[in-house]
Amino acid sequence: MTRPRVVVVGLGPGDDEFVTAHTLSVIAGAAHRFLRTARHPSARLVPGATTFDEVYERADTFADVYAQITDRLVAAAVEHGEVLYAVPGSPLVLERSVRALRADPRIECVVHPAMSFLDVAYAR
């Protein structure tokens, strides 16, 4: 039996020009979409997504934020079989919620790489 799946994509460091065609394809194929935050220039590329902005506003600590995000995504994946989770930048650079998902035995976490803010900084 396959485990529920959370598919993670990164929205790059800012403008749409940094979002890959592959990422756009993954987003387009996802029926159930979540955004870590709508406060990112490329968040509009994930239409119909549920955001976790209110979790940041209500939680006492960042540890609480990431635990709540993880639990909500796991519950959604269990309910729907597969969900998309879009994060700013790269899912593999400083993304504590993605680290928590990758370590969670209740789900399969598939991470698609993306450009991070570090790529832009190194280029400059």
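The values are calculated or read from the model by the stated rules, or taken from the named source; none is laboratory data. Being a predicted model, the structure only gives us computed values, none of them experimental. Cβ atoms come from the backbone with ideal geometry, glycine included; neighbour counts cover every protein chain shown. Each accessible area value is taken on the protein alone, full model and side chains, heavy atoms only, with ligands, DNA and RNA left out. Shrake-Rupley method; radii C 1.70, N 1.55, O 1.52, S 1.80 Å.
Here is a list of conditions, (1) in a loop (DSSP other than H, G, I, E, B); (2) within 10 Å of V6 (Cβ to Cβ), and L92 meets all of them except one; can you say which number that is?
Of everything listed in (1) in a loop (DSSP other than H, G, I, E, B); (2) within 10 Å of V6 (Cβ to Cβ), L92 misses just condition (2).
I'm checking my understanding of the structure. Among residues of segment 44-64 that are of a type in the set (V, I, T) and open to solvent by less than 60 Å² (accessible area, probe 1.4 Å), which one is farthest from Y85 (Cα to Cα)?
Per the stated criteria, the residue is V55.
Do you know which of the residues in segment 23-43 that are modelled with pLDDT of 95 or more and loosely packed, with under 14 Cβ neighbours inside 10 Å is farthest from A76 (Cα to Cα)?
S25
Consider A114 carefully, then state whether it is closer than 19 Å to R3 by Cα, under 13 Å from the mean Cα position of the chain (by Cα) and assigned to a loop (DSSP other than H, G, I, E, B).
Considered against the rule, which asks whether it is closer than 19 Å to R3 by Cα, under 13 Å from the mean Cα position of the chain (by Cα) and assigned to a loop (DSSP other than H, G, I, E, B), A114 comes out as no.
Can you pull out every residue in segment 7-56 that is closer than 22 Å to A103 by Cα, free of Cβ contacts under 8 Å to residues at least 24 places away in the same chain and part of a loop (DSSP other than H, G, I, E, B)?
F52
Quick one: is R102 open to solvent by 60 Å² or more (accessible area, probe 1.4 Å), within 23 Å of T2 (Cβ to Cβ) and in a helix (DSSP H, G or I)?
yes
Would you be able to say whether some residue in segment 65-77 is among the β-branched types (V, I, T), in a helix (DSSP H, G or I) and surrounded by fewer than 17 Cβ atoms within 10 Å (Cβ to Cβ)?
Within segment 65-77, none of the residues are among the β-branched types (V, I, T), in a helix (DSSP H, G or I) and surrounded by fewer than 17 Cβ atoms within 10 Å (Cβ to Cβ).
Looking at segment 15-33 only, could you name the residues that are under 14 Å from the mean Cα position of the chain (by Cα) and under 17 Å from S90 (Cβ atoms)?
Result: V19, T23, L24, V26, I27.
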